[in-house]
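For reference, the structure discussed in these notes is given below.
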Amino acid sequence: MVRYKEYDNNFDKDSILDISIQVKFWRGIIFHHTAIPNGRNKIGVPKQRHYGKLVNRLHRLGWKYKEKGVWKIRSGWRYGMGYHFFIENDGGIYISRRWLEQIHGAHCPGIYLGESINKNFIGICVLGNMDKWMMLKVQYASLIKLTSILLGDVVEDSRMLFKHKDFRRTDCPGNLFPEIVDILNDIYLVSGK
């Protein structure tokens, strides 16, 4: 059995599926981006700081934000990060408590095929603003590897991969995020699935 690591830059199938939890069936996967420039300097060069822990802390404790000139407070979520996985700039992943405990996400409210999206879909977030920059090659390699692991073992239908904007009025995961068909083609090339 693989001992759970909150951050893993050398993850494999065992570290995702064999972490002493009973992995439930999930209907699909929804991709997100942070939509903030964190992780890159002013000219877009990636920094190597790990943001998964920071995002988890913000989601757990809450944060202040400004909307139409008025400061508002967003209260935190009990289980922290709304995503199940968070892909860092170096290709490592942050595995959230939601995945470890196999509990619902908090990444895409709504109903799909008569069921709660958050209760039935895995949320994967990639660090960076994919409206400004393309995903880094190491991030994309991790996205392909992680999605390949989840497809077949946890998510049965490869047609159930979506972008956040497929369900909500948002740009997430950004206009430069790869198309789902390209992700599926690359998964097939790498794994044969």
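The values are calculated or read from the model by the stated rules, or taken from the named source; none is laboratory data. Quick caveat: nothing in here was measured; it's all calculated off a predicted structure. Using ideal geometry, Cβ is built from the backbone for each residue, glycine included, and neighbour counts are taken over all protein chains shown. The accessibility values were calculated without ligands, DNA or RNA, using every heavy atom of the protein model including side chains. Shrake-Rupley method; radii C 1.70, N 1.55, O 1.52, S 1.80 Å.
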Filter region 57-76 for residues that are farther than 22 Å from Gly128 by Cβ and among the hydrophobic types (A, V, I, L, M, F, W, C); the one that is modelled with the highest pLDDT is Val70
Which of the residues spanning region 132-145 are surrounded by fewer than 19 Cβ atoms within 10 Å (Cβ to Cβ) and touching a strand residue (DSSP E or B) at 6+ places or on another chain (Cβ under 8 Å)? Trp133
Assess whether Gly128 counts as being buried (at least 19 other Cβ atoms within 10 Å of the Cβ), modelled with pLDDT under 90 and assigned to a loop (DSSP other than H, G, I, E, B). yes
Going by what's in this entry, would Ile149 be described as out of contact with any strand residue (DSSP E or B) (no Cβ under 8 Å at 6 or more places or on another chain) and either among the β-branched types (Val, Ile, Thr) or not in a loop (DSSP other than H, G, I, E, B) (or both)? yes
Answer yes or no as to whether Gly92 is at pLDDT below 90 and closer than 21 Å to Ile187 by Cβ. yes
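Looking only at region 166-184, which residues are surrounded by fewer than 13 Cβ atoms within 10 Å (Cβ to Cβ) and free of Cβ contacts under 8 Å to residues at least 12 places away in the same chain?
Matches in region 166-184: Arg169, Glu179, Val181, Asp182.
Which members of region 77-88 meet the condition of being in a loop (DSSP other than H, G, I, E, B) and modelled with pLDDT of 85 or more?
Listed by number, the residues that qualify are Gly82, Tyr83, His84, Glu88.
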Of everything in region 104-122, what is touching a helix residue (DSSP H, G or I) at 6+ places or on another chain (Cβ under 8 Å) and either open to solvent by 30 Å² or more (accessible area, probe 1.4 Å) or small (Gly, Ala, Ser) (or both)? Give them in sequence order. His104, Gly105, Ala106, Pro109, Gly110, Ile111, Tyr112
